[in-house]
Amino acid sequence: MTARIGVVTFPGSLDDRDTQRAIRLAGAEPVALWHKDQDLKQVDAVVLPGGFSYGDYLRAGAISRFSPVMETVIEQAKAGLPVLGICNGFQILTEAHLLPGGMLGNDHLHFICRDQKLRVENAETSWTGDYRAGQEIHIPLKNMDGRYVADRYTLDKLEAEGRVVFRYLDFNPNGSLNDIAGITNEAGNVVGLMPHPEHAVEPLVGTGRTDGLPFFTSILKKLVNA
């Protein structure tokens with residue numbers, strides 16, 4: 001039986017189709033989900049893709065967090081459903097309090113688009129099992145509000161519990177505290193990151209590498225072996 005991974009489209013989503021393609025390349029079936037529908041169509045996992053949902057009005061992800069589909073995503077994520085938030089999806093996850101902390105505008109006040117070097121810090125989440133801890137990868141990054149912030153207690157807790165999943169290397173592109181590029185919840189089923197793994201799944205495009213593909217093969221293996 002083929003694993004089915006839902007990809008939510010919000011008004012202003014940019015990378016939903018790219019994410020569906022990455023899922024297909026990994027060997028799973030992508031399922032399109034609409035922001036106004038509470039029904040997740042019995043998918044095995046969900047991806048909240050990148051973009052500028054609702055034009056980033058109020059705050060990035062602040063309006064999308066109240067979309068009808070998010071009611072079900074929040075409920076099922078708390079029950080163990082694997083959820084990946086990429087860029088705007090990460091912002092939505094923090095606004096929905098499925099992940100701690102928040103996202104602010106880049107410290108240099110400019111949109112940034114570049115190939116970004118990362119270090120894998122946690123290879124034990126539902127989405128990172130095909131990586132190894134300490135592995136260095138290159139993933140495209142594009143954001144305006146990518147600066148991860150949290151209070152000192154939260155940062156210390158994330159570090160102590162091994163919940164920082166990815167860290168920026170060589171260059172911090174947005175001023176994120178502790179060079180944090182991605183984090184996970186306590187259970188390891190919810191992961192959010194600012195870089196875009198769906199843009200690094202084929203050697204012809206993106207970084208010219210396939211460093212992002214293991215996100216999608218990781219969840220596929222997790223679901224098959226569950």
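Table for the structure above
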{"read-out": "Whole-percent carbon and sulfur share, accessible surface of the chain, 1.4 Å", "value": "50"}
{"read-out": "Listed residues TRP34, TRP127 arranged by accessible area, highest first, probe 1.4 Å", "value": "TRP34, TRP127"}
{"read-out": "Probe 1.4 Å, accessible area per residue of the range 18-78, Å²", "value": "50"}
{"read-out": "Summed side-chain charge close to GLU161 - residues other than GLU161 whose Cβ falls under 14 Å, Lys, Arg +1, Asp, Glu -1", "value": "-3"}
{"read-out": "Contour excess over end-to-end distance, with Cα ends at ASP156 and GLU186 and 0.36 nm allotted per residue", "value": "9.4 nm"}
{"read-out": "Accessible area of the range 106-224 divided out per residue, in Å², using a probe of 1.4 angstrom", "value": "43"}
{"read-out": "Note, ³J(HN,Hα) from phi for the range 166-182, Karplus 6.51, -1.76, 1.60, rounded to Hz, x at Gly and Pro", "value": "9, 10, 5, 10, 6, 8, 8, x, 9, x, 4, 4, 6, 6, 6, 9, x"}
{"read-out": "Candidates per GluC sites (Glu not before Pro) in the range 110-152, loop by DSSP, up to 13 other Cβ within 10 Å", "value": "GLU124"}
{"read-out": "Cut-off 11 Å between beta-carbons: net charge of the residues surrounding LEU141, Lys and Arg +1, Asp and Glu -1", "value": "+2"}
{"read-out": "For Cα extents along the principal axes in Å, calculated from these coordinates, the label among (i) 44, 39, 39; (ii) 43, 36, 35; (iii) 53, 45, 42", "value": "(ii)"}
{"read-out": "Summed side-chain charge close to GLY102 - residues other than GLY102 whose Cβ falls under 13 Å, Lys, Arg +1, Asp, Glu -1", "value": "0"}
{"read-out": "DSSP-loop chymotrypsin sites (Phe, Trp or Tyr not before Pro) across the range 39-79, with at most 16 other Cβ within 10 angstrom", "value": "TYR57"}
{"read-out": "Estimated FRET transfer efficiency (LEU58, ARG24; beta-carbon r; R0 30 Å; 0.05)", "value": "0.35"}
{"read-out": "Separation between Cα centres of the range 1-18 and the range 20-97, rounded to whole Å", "value": "8"}
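The values are calculated or read from the model by the stated rules, or taken from the named source; none is laboratory data. Keep in mind the model is a prediction, meaning the values are calculated, not measured. All Cβ positions, even for glycine, are placed from backbone atoms using ideal geometry, and neighbour counts span all protein chains on display. For the accessible areas, the whole protein counts, side chains as well, though only heavy atoms, and no ligand, DNA or RNA atoms are used. Shrake-Rupley method; radii C 1.70, N 1.55, O 1.52, S 1.80 Å.
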